[in-house]
Amino acid sequence: MEEREQGEKMSMLIFKSLLISLLLVFSSRHTVAEKKINHHSKSTYIIYTDKFSMPSSFNDHLLWYDSSLKSVSDSAERLYTYQHVAHGFSTRLTTQEAELLSKQPGILSVIPEIRYDLHTTRTPEFLGLEKFITLSLASGRQSDVVVGVLDTGVWPELKSFDDKGLGPVPSSWKGECERGKNFGPANCNKKLVGARFFAKGYEAAFGPIDESTESKSPRDDDGHGTHTSTTAAGSAVAGASLFGFANGTARGMATQARVATYKVCWLGGCFSSDIAAGIDKAIADGVNILSMSIGGGLTDYYRDTIAIGTFAATAHRILVSNSAGNGGPSQASLSNVAPWLTTVGAGTIDRDFPAYVTLGNGKSYTGVSLYNGKLPPKSPIPIVYAGNVSGDSEGSLCSKGSLIAAKVAGKIVICDRGGNARVEKGLVVKSAGGSGMILANSEDYGEELVADSYLLPAIALGQKSSNVLKKYVFSSPNPTAKLSFGGTHLGVQPSPVVAAFSSRGPNLLTPKVLKPDLIAPGVNILAGWTGAVGPTGMTEDTRHVEFNIISGTSMSCPHVSGLAALLKGTHPEWSPAAIRSALMTTSYRTYKNGQTLKDVYTGLPATPFDFGAGHVDPVAAFDPGLVYDATVDDYLSFFCALNYSSYQIKLVARRDFTCSKRKKYRVEDLNYPSFAVPFNTAFGVKGGSQKPTAVQYKRTLTNVGAPATYKVSVTQSPSVKIVVEPQTLSFRQLNEKKSYTVTFTSSSKPSGTNSFAYLEWSDGKHKVSSPIAFSWT
């Protein structure tokens, strides 16, 4: 789904500082007036309790919760009561009241509310899904899978939610369609089987919802939730397009799966108490897959509402797919790094929407655009740089009111990308009387091109072309240009490439766990849209569309959610970790010519810190041969390896667990499908020579195919010696497990700070591949 771009540069800095950041770099499509928050000295808190420590004077947890609140506040009431993501509740308290409550018996933690802001016709063919869908449908179980989507709600009237051909709703489903403004049970069917909304945290922060501007119901007023849900599991719709662009049959990844939406995000953001309530209800309803294009900064897992909630979902055998974030191309900009999550970055597909600018000197440059209005003049017209026709110090960004109309009227204006939404820049130019706009990439965005449906003739150009264009404008006494538009082009190569905005590793919170896990299509994706706003999301945009084309890791996340639903329907016995492993170990990292996938930002080969295991390949994932499985017990051992106390483990896992003093716990032994190996360069030095540093990792593979013998191969890093023992694993039966160790030895630091290698097990038919990322600090 398309995303708001306000503060693109700032979001990178926020990520670097590990503050709350936007997952949807392009998400600011609504021009929402900032509402001044008046807490009356109170804020929302999520209260985590130990249910086994309830005082004996109570026989009901709700009575205990209420009594605890009354002991510290005369007016506080419960907003939500949680049953699955936590034992506890949320409420409004002053700082002093929260401190007093935290000291009461049975209260584990009092965590302040966090506000999160949100992070297709061609992708099924690009992913080779026709063959996969045939195989999956043959199993007859895809329609038993329910994909839950936590987002901005749903626009149920779309054809993408048509339930034609679907059988009865699975008997295990316990969800429902809640009533609210312009929404009720009649809006649901055998496709859209559930729709709920959660607004108590939002209203506690902002006051009652203004129902003249947004619906207090599951209805989607933004478009983001409709786009993500139809990407994951929308029904097939013939003749879909956006103004004729990307014309074809639009279908979600899992067309036969059911959809349940949980509206936890509003025009003012997504609040952690609402998110926790949404996850809690999704677990109770019985979803099989949970798709969340939401996230924020990095914090310890036991303090992270999303990590805690999704751990509970994983414990209920629900695979949770999350967007990696849109903090790229900055390094270490990831969100959602918990090892029980499937963290998804973004890549391009082989479809583009070319547009052209021809300068007065005869030279022509190619960009992208989804403009479909009145065509500009065929003859050249004057072109100016916004910074030269503005009275504002940052006038080059084309912010509201920054352009001088007398200097802009009838001309094409070059606006620098960043600072405010791309489509908003076009509106600023149009309002000042400009005839067209060229969006010029800076170094922050490189050659990344994201198409938009502008309200005036406009084209986005990469950094190199933009620099040449500006040089021409600055040096020519009478610079001119003309714009033209090329429609839809297929077969664009190379593809995929890693999107510049896609967040990158390394994983600062847990450096020995490689993230992101993989990438999927996330640039210029066509999917369903709300009827409440136009494709740009701006109030000035009165156009109404059933489908929209947008970009972000919010788009790549539901692709993987839908593919996970296909795998769940085909292999219902597989755990969330097994499904993630199948998707990761079968991903590809090279083009057909053998070259490594590229990073669009640099034009150079990408690395596992950019694409994780590689680009998802659903056809191969259907039959992975072997998987790296993991259970809740493995994650409990992971917490012990992080030196978590029993108290901290209980906050995440909602259970009593004490790390054994007799057992050595190591993050290196978490059964993950990839390897991240950080080395400390403080080598011991004797006689001027460095002492080699060796670390050993352990993994266990489970056979999910026919009996076979697998042999290992390793692409060696020049800086690290890699030894695998044993080098052969023989599996005689289904679900048989075999373990191996990998020893990595580094004798010196390489010229750079990172190095990469790959480990692969193969029986001649299957290739079970794992990336290895080395770093030196």
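The values are calculated or read from the model by the stated rules, or taken from the named source; none is laboratory data. Small disclaimer: the values here were computed from a predicted structure and weren't measured. Here the Cβ is made from the backbone with ideal geometry for all residues, glycine too, and neighbour counts use every protein chain on show. Just so you know, the surface numbers come from the protein's heavy atoms only, side chains and all, with ligands and any DNA or RNA stripped out. Shrake-Rupley method; radii C 1.70, N 1.55, O 1.52, S 1.80 Å.
Estimate the FRET efficiency between Asn593 and Ser212 by the formula 1/(1 + (r/R0)^6), using the beta-carbon distance for r and 45 Å for R0, to the nearest 0.05. Could you put the intermediate results ahead of the total?
Values: r = 56 Å, r/R0 = 1.25.
Efficiency for this residue pair is about 0.20.
Tell me whether segment 150-245 comes out rounded, prolate or oblate; compute the Cα gyration tensor, take square roots of the eigenvalues as a ≥ b ≥ c, and use a/c under 1.5 as the rounded threshold.
oblate
Would you please classify the overall shape of segment 354-483 from the alpha carbon gyration tensor, given that a ≥ b ≥ c denote the square roots of the eigenvalues, rounded means a/c under 1.5, and beyond that prolate means a/b larger than b/c while oblate covers the rest? It would help to have the intermediate numbers written out before the result.
Working: a/c = 1.14, a/b = 1.06, b/c = 1.07.
Since a/c stays below 1.5, the shape of segment 354-483 is classed as rounded.
Dipole of the chain (Lys/Arg Cβ +1, Asp/Glu Cβ -1, origin at the Cα centre): which of Gly426, Thr49, Ser730 lies farthest to the positive side?
Ser730
Please report the spacing between the Cα centers of segment 640-673 and segment 299-369 in Å, no decimals.
Using only Cα atoms, the two centres lie 29 Å from each other.
If a cysteine in the chain has no other Cys Cβ under 4.7 Å from its own Cβ, put it on the list, ordered by number.
For the chain, the answer is Cys557, because their Cβ atoms have no other cysteine Cβ under 4.7 Å.
Name the lysines eligible as straight-distance cross-link partners of Lys159: C-alpha to C-alpha under 26 Å, and not fewer than 8 places from it in the same chain.
Lys131, Lys174, Lys181, Lys190, Lys191, Lys216, Lys263, Lys568
Which percent of the accessible area of the chain is formed by carbon and sulfur heavy atoms (probe 1.4 angstrom)?
Ligands and nucleic acids excluded, carbon and sulfur give 51 percent.
Could you report segment 43-112's accessible area per residue, 1.4 Å probe, as an integer in Å²?
On the way: 3400 Å² over 70 residues.
Accessible area per residue, segment 43-112: 49 Å².
Mind checking which aspartates and glutamates have their C-alpha under 18 Å from Lys592, skipping anything on the same chain fewer than 8 residues away?
Those aspartates and glutamates meeting the cut-off are Glu125, Asp350, Asp617.
May I ask for the net charge around Gln696, where only other residues with Cβ less than 15 Å from the Cβ of Gln696 are counted and Lys, Arg are +1 while Asp, Glu are -1?
Net local charge, Gln696 excluded: +3.
Run the quick spin-label model on Ser646 and Glu157: label points 7 Å from Cα toward the beta carbon, then report their separation in nm to one decimal.
5.8 nm
Run the numbers for Ala409 and Thr700: contour at 0.36 nm per residue of separation, minus the present Cα-Cα distance, in nm.
98.1 nm
If packing is taken as the mean number of other Cβ atoms within 10 Å per residue, what is the order of 412-423, 397-408, 222-233, highest first?
Output ranking for 412-423, 397-408, 222-233: 222-233, 412-423, 397-408.
How do the peptides 432-445, 64-77 rank, highest first, by the average count of neighbouring beta carbon atoms within 10 Å per residue?
432-445, 64-77
Quick one: net charge around Cys270, please, counting Lys, Arg +1 and Asp, Glu -1 for every other residue with C-beta under 12 Å from its C-beta. Walk me through the intermediate numbers first.
On the way: positive: Arg115, Lys263; negative: Glu113, Asp117, Asp151, Asp222, Asp274.
Surrounding charge for Cys270 is -3.
Residues of segment 460-478 with backbone nitrogen within less than 14 Å of a virtual label 7 Å along the Cα-to-Cβ line of Asn361, please, listed as ranges.
Only 465-478 fall inside the zone, counting backbone N under 14 Å.
What FRET efficiency, computed as 1/(1 + (r/R0)^6) with R0 = 51 Å and r the Cβ-Cβ distance, is obtained for Ser41 and Leu734, rounded to the nearest 0.05? List each step's numbers first, then the result.
Numbers: r = 61 Å, r/R0 = 1.19.
With a Förster radius of 51 Å, E is 0.25.
Among residues other than Ser476 whose Cβ falls under 13 Å from its Cβ, what is the net charge (Lys/Arg +1, Asp/Glu -1)?
Around Ser476, the surrounding residues sum to +3.
Excluding same-chain residues fewer than 8 positions from Lys407, which lysines have a Cα within less than 19 Å of its Cα?
In chain and number order, the partners are Lys425, Lys430, Lys470, Lys482.
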